[in-house]
Amino acid sequence: MTGSAPGSAKLLEMTRKLAWRRPSWVFGAHVSHVAVLFLTTFGSGLLVFLTQLILVRLISIAEYGQLVALLAVINLMTPISAYGVGWFWLRAFGEEGWKGFRWLPSSIRLLALTCTLSTIVLVIYTWFKFDESDRLLASALAIPILLGQVFAETTSAGLQLEERFFLLAVWQALTQTGRFVVAVALFAFGVHADVAPIAGYAALGTVMTVMGLLSIRKLSRGDIGLSGHGIPPAASEHAADEPSLLRIVREATPFCLWTVFYSLYFQSVVILLAALVGKPAAAVYNVAFQIISAAYLVPGVIYSKYMFGKVFRWAEHDVARFYAAFHVGVIGMTVLGLAAMVGVMLASPVLVPILFGRAYVASVPVVVALSATIPIRFLQNAYASLYYSKDNMGRNVLYGGITALFCVSANFILLPHFGLTGAVITQAATELLLLGLYMRGVKRFNKEIRLWQSFRVTTFRQALKTLSGAPAG
């Protein structure tokens, strides 16, 4: 026993050193994961920007307006087709761990049903909005674009469950990379037909659909390294009762509604501008929208791509880290949002005419005006993280529904009279409304949080300490 004392003392000293260094390497692990997601996401954002730049010089303003309106409709149909299944998986596995596999069979049946219904709606839209000579082709090409986006979401959810962030980053960059390649190819070969970009996007969507189906097949077999829940139990231990289709509909509906409402207030203005004002107005607004959307990528990376699965798990199993993530997020999103706003305001008057040409100079004041919404959107993401838990998801849906209804109603009222100015006013008012609803909900329903508590230095330091001491997984 006496001979082991020096070894024990040495082991104790090594343990103390590792404990002192642990927060730094844990923090470094988090930063490296987020950095990879940022790099690929902003790379994708750059490709989106370059793709739009090529397309506006390749086809006419009217043709470009028709294209972006179709893509906006597809973006609106995507959350209906996916029905929030990917988001629900994050919550189900976060709460139940390996028992979450019981939800997969009914989830897959639900996806088959919703995708079928959505394709029917999409065909009806293209049938009425495209010329008679292009209707059939446009309908056939729009379907794989929609399905590719649906299965891109479900595959992303599977990678988030495994916390394979590098592969997640690569996977989520594939769509925009592929669309950029399509635009470059069309430009190189001098193809100016308005249906050509849709054909290229459809080919890409077909590839994404096949890969997504293979990912679901792998997940349904249980071939996944579920992060944060230990080693998988024996098959008999997680072979719990399989929920019915009706139950998965009930459980996934809040996530579906949430994403639908978000897409409705985020995407509907382009569709309504094309319908109520004209395709050129939709094209001008879409250029500004793409620039502002690039800034919106910052909170999207941090929350939707990195924090979402963790927050679901912490809300159920580690409340201290759940609230710490909120406090750090409020400060971080405020600072980053203000910086992004200033950068966009200063850069857009110079860059937009150079990059998009004189035909889109009208987009400059739209970009400058919409840049005021950037810090609002950033802060929204921080407050929205408090509504990811099962108990609060209903409120999140309610706030999203109110916001979407306000946005669509205001656009119907303002667009015919004020055009692009009405679209800017509606977008700014909508962003403020959603942030106000989130803050009111926190004040009313969450007694653990005071609205301005996050801005205290002591609160921020303690929250950062709590997060930096969390396991990297």
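The values are calculated or read from the model by the stated rules, or taken from the named source; none is laboratory data. If you're wondering where the values come from, they're calculated on a predicted model, not measured in any experiment. Protein only, heavy atoms only, side chains kept; ligands, DNA and RNA dropped before computing areas. Shrake-Rupley method; radii C 1.70, N 1.55, O 1.52, S 1.80 Å.
Points worth noting:
- Fraction of accessible area attributable to carbon and sulfur, region 381-473 (%, probe 1.4 Å): 64
- The residues of region 301-393 expose, per residue, 35 Å² of accessible area to a 1.4 Å probe.
- Mean Cα-pair separation over length for region 94-183, i.e. relative contact order, pairs under 8 Å, 6 or more apart, %: 17
- Computed from the alpha carbon atoms alone, the convex hull of region 113-177 holds 79 Å³ per residue.
- On a per residue basis, region 152-217 carries 43 Å² of accessible surface, using protein heavy atoms and a 1.4 Å probe.
- Phi angles across region 433-439 convert, under the Karplus curve 6.51 cos²θ - 1.76 cosθ + 1.60 with θ = phi - 60°, into 3J(HN,Hα) values of 4, 5, 4, x, 5, 4, 5 Hz, Gly and Pro given as x.
- Our estimate of slack between Ala339 and Ile120, defined as 0.36 nm per intervening residue step minus the Cα-Cα distance, is 74.5 nm.
- Relative contact order (%) - region 302-460, alpha-carbon pairs under 8 angstrom, separation at least six: 27
- When the alpha carbon gyration tensor of region 339-425 is reduced to an equivalent ellipsoid, the three semi-axes, largest first, read 31, 19, 8 Å.
- For region 321-473, the Cα gyration tensor yields ellipsoid semi-axes of 33, 22, 11 Å (square root of five times each eigenvalue, largest first, whole Å).
- Calculated from the alpha-carbon coordinates, region 58-108 shows an Rg and a Dmax of 17.8, 53 Å respectively.
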